[in-house]
Structures are given as C-alpha cells and as structure tokens.
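Only one structure is covered here, and it is reproduced in the block below.
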Ligand code: NAD
C-alpha cells in the first residue's frame, strides 16, 4: 500500500503543488487549510477545512497510520505583509500555534516523519548588508539577528521541531526556502510576493507606461521555481538528513534586472520607477553547498524559464479579472 501524508497549508501556493506532487508519487493525501486552494491545485484524496491554531482540530486531522506530515501552514505574505510591522503579532502568534499544535498531534498519533518549511528570513541582517555578497550558509544563522518577526518565529520553530526530534524521537526534516515562485500562487491582494507582484504590474501596465518597483532596485535576491523546490523537498524527506538546509536558487539578480526580465518576457515597452517601499535585506542568495553534500542534488533551471511560465499564468489571470470588472457608465 502507498504511504499516507498530510499537507498542512494545502490551500496555499506550495502546499497545493505539493499535494499534486505526492499524488503523482502514489501517496494517499489529506490536505488541511483554513480554505480550499483557490487556483484548483486540489487533487487531495481528502481535504479538511479548519484552523490549526485549535489543538483539538489538529488532533482530529492527524490520526494514527499517517506516515508523513508536511507542515507548510503559516501566516505569511510578501514584503508588504511581513516587513511593515503591522502584522507582527498575528504572524508570530498564528504560525507558532500551528507549529506547536501540529507537533503535539504528531507526537500523540505516532507520525513517523514531519517536514517543516522554514525560511531564508532567519538569516542575520548583519550578513546581508552587501547586495553583491550576502552570506546565507546554514551555519551562519547564529548569532541570530533576523530582520523580521516572521524570521524570528521561523527560527524558534526550527528549534521546536528539533527539540521534538531529540525528546520524542519524531523524525524531522527542515528546509529554509528562498523565494519560491511559479503559477497558481497569490498574485494580488497584498500577500503576493515579488515575482508575482512584478508579473502582475507588468501584465496590467499599458505599453509605453511605467511600473513601480520598491526600493532603489539594487537589492538582490534569488528565486526558485516551484517544481525544483518540490524535488528538493522530496529528496530531503527521503534522505537521512534533518537539516535545516537551504532550498533555493543560486542565480542572484538585482530587483531592477528582475523587473526588466518580466518586461522583456511581456514584449511591452515599459520603464521602471523606483519608489519607497518595504524591501527587507539588501542582498540574499541561496548557498547550496550543504544541500549538494547531503542530498546530492541542487536546482539548475534558469530563472527566466520559470518566469516565462509564471508571467503567462498571471497575465491570463489579469485578463480574466479585467473581464469580470463591470465598466462604470
Ligand atoms: P501560502 O500563504 O500560499 O500558504 C500558506 C497556507 O497556510 C495558506 O493557504 C493559509 O490559509 C494556511 N494557513 C495559515 N494559517 C492557518 C491556520 N491557522 N490553519 C490552517 N491553515 C492555515 O504560502 P506559501 O508560499 O505556499 O508558503 C508555504 C510555507 O513555506 C510557509 O510556511 C512559508 O512561511 C514557507 N516559505 C515560503 C516561501 C515562499 O517563497 N513562498 C519562502 C520561505 C518560506
């Protein structure tokens, strides 16, 4: 018989894609989230809508006989949600409750293995001041100094998972994701992340106009396409390495160049206007040495390939949405 897995956060971007991936591998999958997946990534055998902040709900969805739990549920969003400070209490409280309750339910129901999605946001601000030379090796996480409460919660929760492994013998696998992107993710409404926001702005812009980019545009990042992220997640879960380990791309790009890439893909003639906005650290890039060493694999797909797929999907969403808008007479 195939393995049984639960994906917490299955209504979200990565969780939805992960459900599909596990189904293709022959798993029986239960999705759990506050909401169903709005973009149709919904091939789970069973989907339970509910709130993981409630320990009774957690205990109800995690039953005996489950082999693996993938805990991706978190109160998160892009820079506009995480770096303004306006949502700090919610981000910390909501996510930590999901993690504590999931671990307790897994312990009580003897789940064999848990995957936890941490983030590159745990890395210290002092190592990411130079946009051309950010330091994100796993062992550079301490002395801890994340630049957001989101990052602090992730770092605390990494330790929480490792404590459960140490004290209760649950196998834990922890990845630090670096900007995962692709189709079928949030692209509007304030919680979208940079690649989706960039594609949306370009798709909505009239030829010859301007798009706004937060900050001076010289800040750097790397972005990993969703299918490569899931390949790494599955390889990590199958390995005997607990992590934490980076899952990201090493193709670093300045944000203005990233905007130019989206513009070029669209075929439009647009200019960039840099405006004030929440930007996070000056530079960040994945360091995949440990990933290669421990799981013998690292992503290689060029950023542009994933951006073409993402732009096409978001552009079709923008066209659909504009058809639904009733013109004011
Ligand atoms: P997402 O926001 O699309 O998905 C998260 C899901 O969790 C949402 O569907 C949300 O409804 C659900 N959720 C939140 N609170 C819940 C609760 N109390 N009960 C039940 N469900 C709840 O985010 P994503 O991009 O798919 O990210 C998945 C995970 O990966 C998150 O833990 C995130 O912090 C982590 N991560 C993502 C990235 C990235 O670039 N996308 C980078 C680093 C880390």
Review point. For the chain, what is the calculated [θ] at 222 nm in deg cm²/dmol (nearest 500), taking -39500 (n - 2.57) for each run of four or more DSSP H residues and dividing by its residue count?
Key: -12500 deg cm²/dmol
Review point. Using the beta-carbon distance between residue 239 and residue 319 and R0 = 45 Å, what value does 1/(1 + (r/R0)^6) give for FRET efficiency, to the nearest 0.05?
Key: 0.60
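What full-extension length gain, to one decimal in nm, is calculated for residue 204 and residue 305 as 0.36 nm per residue of separation minus the Cα-Cα distance?
The residue 204-residue 305 span can extend by a further 34.3 nm.
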Exercise for review: Among 38, 192, 149, 104, rank each residue by its count of other Cβ atoms within 10 Å, from fewest to most, as a rough exposure measure.
Suggested key: 38, 104, 149, 192
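Using the Kirkwood radius built from alpha carbon pairs, what does the Stokes-Einstein equation give as D for segment 235-329 at 10 °C and 1.306 mPa s, in µm² per second? Kindly include the intermediate steps, with their values, before the conclusion.
Working: Rh = 16.9 Å.
The estimated diffusion coefficient comes to 94 µm²/s.
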Study note, to complete from the structure: Taking Cα pairs closer than 8 Å and at least 6 residues apart, the relative contact order of segment 161-244 in percent is 42
Exercise for review: Would you please calculate the Kirkwood hydrodynamic radius of segment 1-138 over all C-alpha pairs and express it in Å, rounded to one decimal?
Suggested key: 16.0
Revision key, fill the gap. From fewest to most C-beta neighbours within 10 Å, the residues 164, 142, 116 line up as 142, 164, 116
Point to revise | segment 32-100 versus segment 148-193: alpha-carbon centroid distance in Å | key: 11
Check your understanding: In whole percent, what relative contact order does segment 1-108 give with Cα contacts below 8 Å and a gap of six or more residues?
Key -> 28
Review point. Taking the chain as a Gaussian network, where each spring joins two C-alpha atoms under 10 Å apart, which residue of 12, 65, 217 fluctuates the most?
Key: 65
Check your understanding: Which three lengths, in whole Å and largest first, does segment 42-103 cover when its Cα atoms are put on their principal axes?
Key -> 42, 25, 18
**Study point:** Bins of 10 Å, starting at 0 and running to the largest distance - Cα pair percent for segment 127-258
**Key:** 10, 33, 36, 16, 5, 1, 0
Practice item. Find the relative contact order for the chain and round it to a whole percent, using C-alpha pairs within less than 8 Å whose residues are 6+ positions apart. Key: 17
**Study point:** Pair residue 145, residue 188: separation of 7 Å Cα→Cβ label points (nm)
**Key:** 4.1
Study note, to complete from the structure: Assertion target for 309, 238, ordered by fewest C-beta neighbours within 10 angstrom first, is 238, 309
Review point. In degrees from 0 to 90, rounded to the nearest 10, what is the angle of the helix 88-108 Cα long axis to the longest principal axis of the chain?
Key: 30
**Study point:** Rg/Rh (Cα only; Kirkwood hydrodynamic radius) as it applies to segment 98-145
**Key:** 1.20
**Study point:** Largest to smallest principal axis extent of the C-alpha atoms in the chain, angstrom
**Key:** 59, 49, 37
Exercise for review: Go ahead and collect, in residue order, the members of segment 258-275 whose backbone nitrogen is under 18 Å from a label point 7 Å along the Cα-Cβ direction of residue 84.
Suggested key: 275
Review point. By how many nm would the segment from residue 212 to residue 110 lengthen if fully extended, with 0.36 nm per residue of separation less the alpha-carbon distance?
Key: 31.7 nm
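Readers should treat all values here as calculations from the given coordinates under stated rules, not as data from a laboratory. Nothing here was measured: the structure is a model prediction, and the numbers come from that model. We place every Cβ from the backbone using ideal geometry, glycine too, and count neighbours over all the protein chains shown.
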